[in-house]
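As structure tokens, the structure follows; a few thoughts come after it.
The values are calculated or read from the model by the stated rules, or taken from the named source; none is laboratory data. Since the model is a prediction, treat every value here as computed from it, not as a measurement. Don't worry about glycine lacking a Cβ; one is built from the backbone with ideal geometry, like all the others, and counts go over all protein chains shown. The protein model used for the area step is the full one, side chains on, heavy atoms only, and it has no ligands, DNA or RNA in it. Shrake-Rupley method; radii C 1.70, N 1.55, O 1.52, S 1.80 Å.
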Amino acid sequence: MDLPMPNDTCDHTSVGMLVWRDEKLLLIERRKPPYGFAPPAGHVDADDSFEQAAARELQEEVGLKAATLEVLWEGRRENPCRRKDGTWHFWKIYRVHATGEVQSDPTETKQAGWYSISDIAELRSRTGAYLSGDVSDSDWNDRPGLENIWYELSNEIGLLTPPDDATAI
């Protein structure tokens, strides 16, 4: 019998990284479930710390190197992932100053780019319409909004409010 790989089962720990440039937030469109637009994020897995996981995920998903990490929010949320038993996660959301140029990983992302507050508000509105049943699953798959967890956290973590120094990564 084959034993599952360690990352086949959810470790219930996740990191998310908010990277701002010129008052725009870096978002990716996920290629794998859960579908939608989101800041770079991922599981802690075998990393020694949440910070190491944040730096690793940022590098893997968008090719950026984390220069500084500042915890903005942490807490538990019921949110599914594609891994076995992935029904909830303890999250740490970081504000990140990063270096490098965005180079998205085509195995993880459909696209990556910088989104204005109005773009994010529009994606958030689309998610609200989807969650209320006004957008079909097929329409969502063709043109998703914010990933559900980011929709839920958006007000709490200031997703629609760039920081005062959002002019540089």
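Which of ILE149, THR87, SER136 sits closest to the plus end of the dipole of the chain, meaning its Cα is farthest towards the positive end, when Lys and Arg get +1 and Asp and Glu get -1 on the C-beta?
SER136
Given points 7 Å out from each Cα along the Cα-Cβ axis, report the ASP45 to ALA129 separation in nanometres with one decimal.
Taking the two extended label points, one gets 3.6 nm.
How would GLU29, GLU78, GLU108 line up by accessible area, probe 1.4 Å, largest first?
Largest to smallest exposure gives the sequence GLU78, GLU108, GLU29.
What percentage of the solvent-accessible surface of the chain, computed with a 1.4 Å probe over protein heavy atoms, is contributed by carbon and sulfur atoms?
Carbon and sulfur: 48 percent of the exposed surface of the chain.
Would you calculate a helix-derived [θ] at 222 nm for the chain, using -39,500 (n - 2.57) for each DSSP H run of n ≥ 4 and dividing by the full residue count, to the nearest 500?
Value at 222 nm, helices only, nearest 500: -7000 deg cm²/dmol.
Suppose accessible area is computed on protein heavy atoms with a 1.4 Å probe; arrange ASP137, ASP165, ASP11 from highest to lowest.
Output order, biggest surface exposure first: ASP137, ASP165, ASP11.
What is the pair-distance distribution P(r) of region 1-108, computed from all Cα-Cα distances in 5 Å bins starting at 0, with each bin given as a whole percent?
2, 12, 22, 26, 20, 11, 4, 1, 1, 0, 0
Please report the relative contact order for region 13-169, taking Cα pairs under 8 Å with a sequence separation of at least 6, and give it as a percent rounded to a whole number.
Working: 314 pairs, mean separation 49.2, N = 157.
Rounded, it is 31 percent for region 13-169.
Given 0.36 nm per residue, what is the gain on full extension from ARG56 to ASP139 after removing their alpha carbon distance, in nm?
Length gained between ARG56 and ASP139: 26.6 nm.
Expressed in nm to one decimal, what extension gain is obtained for the pair TYR115 and ARG21 from 0.36 nm per residue of sequence separation less their Cα-Cα distance?
32.9 nm
Just how large is the dipole of the chain about the Cα centre, in debye to the nearest 20, putting +1 at every Lys and Arg Cβ and -1 at every Asp and Glu Cβ?
160
Between region 67-138 and region 40-58, how many Å separate their Cα centres?
The distance from the Cα centre of region 67-138 to that of region 40-58 comes to 15 Å.
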